[in-house]
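The values are calculated or read from the model by the stated rules, or taken from the named source; none is laboratory data. What you see is a predicted model, and the numbers here were worked out from it, not measured in a lab. Here Cβ is always computed from backbone atoms with ideal geometry, including for glycine, and neighbour counts include all displayed protein chains. Ligands, DNA and RNA are excluded from the accessible area calculation, which covers all protein heavy atoms including side chains. Shrake-Rupley method; radii C 1.70, N 1.55, O 1.52, S 1.80 Å.
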Amino acid sequence: IECHQLLVEWNDTAADYPKDSCIHELFEAQVERTPEAIAVQFEGKQLSYRELNSRANQLAHYLRRLGVGPEKLVGICVGPSLEMVIGLLGILKAGGAYVPMDPAYPTERLAFMLNDAQIPVLLTQKPFIAHLPQTNALSLCLDDSTLFDHENNENLKTETKADSAAYVVYTSGSTGTPKGVVGLHRGAVNRFAW
């Protein structure tokens with residue numbers, strides 16, 4: 001009985017979760033439920049779910065016009081900020097997958113990641129422009145308030161599915177060379193429900 005309890009009963013952790021949903025779709029559902037609730041705040045600034053959704057949609061429309069679509073990788077090299085959240089959601093809403101890049105990384109590591117992932121668009125902030133390596137990626141500053149203000153703020157239709165890439169995280173690499181690891185929407189949604 002004790003063995004059954006340890007091996008079977010306590011390990012019966014299966015739980016239902018929205019298997020066919022994407023990260024941004026769950027966010028959009030929350031916007032519908034609580035549009036005026038605070039979604040994110042940082043250093044005395046805050047955005048409601050409606051405001052965050054609107055800004056992320058504007059960025060997504062802008063990124064879509066730049067060719068970002070299903071599983072297209074977009075680099076994001078920003079510090080902790082409201083822009084970080086807008087950037088991540090905007091990339092996902094455009095159908096892309098984000099590649100997080102810490103601004104504190106050495107320039108050589110950032111260059112490797114940009115080249116290895118063949119990133120066509122890099123979202124950043126003005127304070128980090130000087131530290132970024134030379135790249136063919138189009139670099140856009142999220143803290144430029146006029147960059148995408150003119151874009152449509154409605155939700156986009158995407159071809160993104162639950163088994164589409166949501167992000168690529170670079171590990172330190174056991175051989176000393178960083179390696180990109182793909183995370184799917186389904187895996188992240190599973191963790192959210194867990």
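For the stretch 166-186, a residue qualifies if it is under 16 Å from Q118 (Cα atoms), among the aliphatic types (A, V, I, L, M) and open to solvent by 20 Å² or more (accessible area, probe 1.4 Å), and the qualifying residues are V169, V181, V182.
Here Q134 passes the criteria (1) open to solvent by 30 Å² or more (accessible area, probe 1.4 Å); (2) farther than 20 Å from G75 by Cβ except the one numbered (2). Considering the stretch 31-125, the qualifying helices (runs of 4 or more DSSP H), each wholly inside and each with 2 or more residues that are over 15 Å from the mean Cα position of the chain (by Cα), run over 49-65, 107-116. Only one residue in T175, T146, T160, T135 is within 19 Å of the chain's Cα centre (by Cα), among the β-branched types (V, I, T), at pLDDT below 95 and assigned to a loop (DSSP other than H, G, I, E, B). Which one? Among T175, T146, T160, T135, only T160 is within 19 Å of the chain's Cα centre (by Cα), among the β-branched types (V, I, T), at pLDDT below 95 and assigned to a loop (DSSP other than H, G, I, E, B). When you look at L110, is it farther than 25 Å from D20 by Cα and buried (at least 16 other Cβ atoms within 10 Å of the Cβ), yes or no? For L110, the condition - farther than 25 Å from D20 by Cα and buried (at least 16 other Cβ atoms within 10 Å of the Cβ) - is met.
Report whether or not D149 is acidic (D, E) and farther than 22 Å from A39 by Cα. Here the answer is no, as D149 does not meet what is asked. All conditions in (1) open to solvent by 10 Å² or more (accessible area, probe 1.4 Å); (2) in contact (Cβ under 8 Å) with a residue 24 or more places away in the chain; (3) under 21 Å from R55 (Cα atoms); (4) polar (S, T, N, Q) hold for T124, with the sole exception of (1). So which residues in the stretch 156-165 are touching a residue at least 60 places away in the same chain (Cβ under 8 Å) and surrounded by fewer than 17 Cβ atoms within 10 Å (Cβ to Cβ)? Those that are touching a residue at least 60 places away in the same chain (Cβ under 8 Å) and surrounded by fewer than 17 Cβ atoms within 10 Å (Cβ to Cβ): E159, K161. Per the conditions (1) at pLDDT 95 or above; (2) open to solvent by less than 70 Å² (accessible area, probe 1.4 Å); (3) not aromatic (F, W, Y), the sole criterion not satisfied by K45 is (2).
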